[in-house]
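Below: the structure, in structure tokens.
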Amino acid sequence: MRLRWMSAAAMAVSLAVGSAGVYAQAAMDESEKEIERYRAMINDPMANPGYLAVDRGEVLWSEKRGKKNVSLETCDLGMGAGKLEGAYAQLPRYFKDSDKVMDLEQRLLWCMQTVQELDTADVVARRFSGPGRASDMEDLVAFIGNKSNGMKIEPQTSHPKEKELTEIGEAMFYRRAGVMDFSCASCHGEEGKRIRLQGLPDFSKPGKAAQDTMASWPTYRVSQSALRTMQHRLWDCFRQQRWPSPDYAAEGLTALTMFLNKQAAGGEINVPSIKR
Amino acid sequence: MTIRTLIAAGLAIGLCTAASPALAQEKTDAAAFQKMEAAVKATFSRATPEWQKRIELDETQRLCTIARNQVSAADADAIQKRESASIVMPADGKFLGDWKNGFAVANSGRGGQFSDDAKTINGGNCYACHQMDPKELSYGTLGPSLAAYGRDRKYDEAAIKDAWKKIYNSQAVVACSNMPRFGVTKFLDEQQLKDVMAYLFDPNSPVNK
């Protein structure tokens, strides 16, 4: 196909959308307004059950556990031992003691294993909460993430491994596989697209869509009656992508988070948020 | 030019350009590709061998991954040629099934997920990305609108064959199309494909009302 013909036809298309799509557009605006109204209605911090997870997380942080019978209060999340303010805004990051780039959940597991000498099998089994089954990880992430509220997402790139993992995450974002040939970019590679009625943030370029998304996780999911972390969000994306279930706290999830945070740099954190 | 022709032109473009982003993307070089593959392997290490196999890249997926869908003209030709060879036309020569069953296929997003069981009947999930019946408001916009699809093409024989090819293997028509290759992957069976075709081309289908 000739380029000239394509661009001429493309102009015809935008004309067509401008005139013929008027009825459908009006109906759509109504639906979108309703969805917006619902979002505004549930976005009330005083009524956000995610804050119950914050409170539970605070208790877990200072609870003595593991063979050493100590709390997590000496765990270094990157800002120094036990310092929580602003830690989440700079995660994932490189940690010298483990020689790895870690997200908050990987780091918490590491601290449980090394600081507390806690057998984390049960914690990992309860990585996602369910009816009658609380998740320590969700609660801790809610508590610690909340300590970065008002701060801006600050992607870490000073260590070569941070840079490398960000690049791996970016490459993974475009990896097309599975029975549907889907990559992350299949849904999140263009601006202003929807799946059914659900708006899809574009993560292929830096900016507001990525900022608003990454700055609002962890979130309380009304439809799941649970606080969910980015680990859960990515796990659910892979389910919909028709890929296998990813390992919890796996390298690739941190890589994707690094890339997404790069696109979201400067986004002001306000968590836990509340979403449908 | 009438509105109708403009819309028809728009649909034709939609088919041609599929959904690959217009922006030029960086490419994934060989070293980055290897690191990515190692990370993917580490990320799905607990999946069953059968599931791990599902995300190994075939040659088409590999090319689209590396080029981030912006393949060279030569690679695009190679992809379209290879994918075209996989297309199987209906055994009985009939392209159109039952549009009512076709709606069910177009409306279902089930199947192929790790949360599905073996008994799950796969759906085409067309509505996730396309407008179809203009009265249905819950449709996605990742793909072009398919409203009045058959009517706009005057239910033409050649257009019916083209649509079969597109649904059977989108990448035979556009290299690195965002659309799944429903027939060649056997995600939908022949009857389901025929039913979706009828949803698009039957004059009684709400798509054409």
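The values are calculated or read from the model by the stated rules, or taken from the named source; none is laboratory data. Quantities reported herein were computed from a predicted structural model and do not represent experimental measurements. Methodologically, a virtual Cβ is constructed for each residue, glycine included, from the backbone with ideal geometry; neighbour enumeration extends over all protein chains shown. For the accessible areas, the whole protein counts, side chains as well, though only heavy atoms, and no ligand, DNA or RNA atoms are used. Shrake-Rupley method; radii C 1.70, N 1.55, O 1.52, S 1.80 Å.
Below, the figures for the structure above:
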item	result
Chain A - Cys residues lacking any other Cys C-beta under 4.7 Å	A:C184, A:C187, A:C237
Sequence of A:W243, A:W110 from largest to smallest accessible area, 1.4 Å probe	A:W110, A:W243
Surface share of carbon and sulfur [accessible, 1.4 angstrom probe, percent] for the protein assembly as shown	55
Approximate shape of the protein assembly as shown as ellipsoid semi-axes (Cα gyration tensor, √5λ), whole Å, largest first	43, 24, 21
Euclidean distance between Cα centres, segment A:48-87 to segment A:224-276, Å	21
Contour minus Cα-Cα distance for B:W51 and B:A38 (0.36 nm per residue)	3.0 nm
Integer Hz, Karplus 6.51/-1.76/1.60 couplings in order for segment A:147-160, x for Gly and Pro	6, 10, 4, x, 9, 9, 4, 10, x, 9, 9, 6, 8, x
Residue-averaged 222 nm ellipticity for chain B, from DSSP H runs of 4+ at -39500 (n - 2.57), nearest 500	-13500 deg cm²/dmol
Amide proton proximity set for A:A177, modelled H, under 5 Å, gap of 5+	A:F182, A:S183
GluC sites (Glu not before Pro) restricted to DSSP loop in segment A:93-148 with at most 15 other C-beta within 10 Å	A:E117
Set of lysines near A:K152 by C-alpha distance (under 20 Å), chain-local residues within fewer than 8 positions excluded	A:K83, A:K163, A:K205, A:K208, A:K262
Within chain A, helix-based [θ] at 222 nm, where runs of 4 or more DSSP H residues each add -39,500 (n - 2.57), nearest 500	-14500 deg cm²/dmol
Heavy-atom accessible area order for A:C187, A:C75, largest first, 1.4 Å probe	A:C187, A:C75
Between segment A:91-133 and segment B:138-189, the Cα center-to-center distance that results, in Å	45
Nonlocal amide H pairs with A:R93, under 5 Å, H built at 1.01 Å	A:M102
Amide hydrogen neighbours beyond the local backbone of A:V70, cut-off 5 Å, H modeled	A:R65
Whole-Hz couplings from phi, Karplus 6.51/-1.76/1.60, listed for segment B:80-89; x for Gly and Pro	4, 5, 4, 5, 4, 5, 8, 6, 10, 6
Nearby lysines by direct alpha-carbon distance to B:K119 (threshold 29 angstrom, same-chain neighbours under 8 apart not counted)	B:K41, B:K53, B:K94, B:K100, B:K165, B:K166, B:K186, B:K194
Loss of accessible area when B meets A, both sides summed, Å² nearest 100, probe 1.4 Å	5100
Rounded to whole Hz, the Karplus (6.51, -1.76, 1.60) HN-Hα couplings of segment A:240-250, x for glycine and proline	6, 6, 6, 9, x, 5, x, 5, 5, 6, 7
Aspartates and glutamates whose Cα lies under 19 Å from that of B:K81, excluding same-chain neighbours fewer than 8 positions away	A:D181, B:D58, B:E59, B:D162
Per residue solvent-accessible surface (Å²) - segment B:60-209, probe of 1.4 Å	43
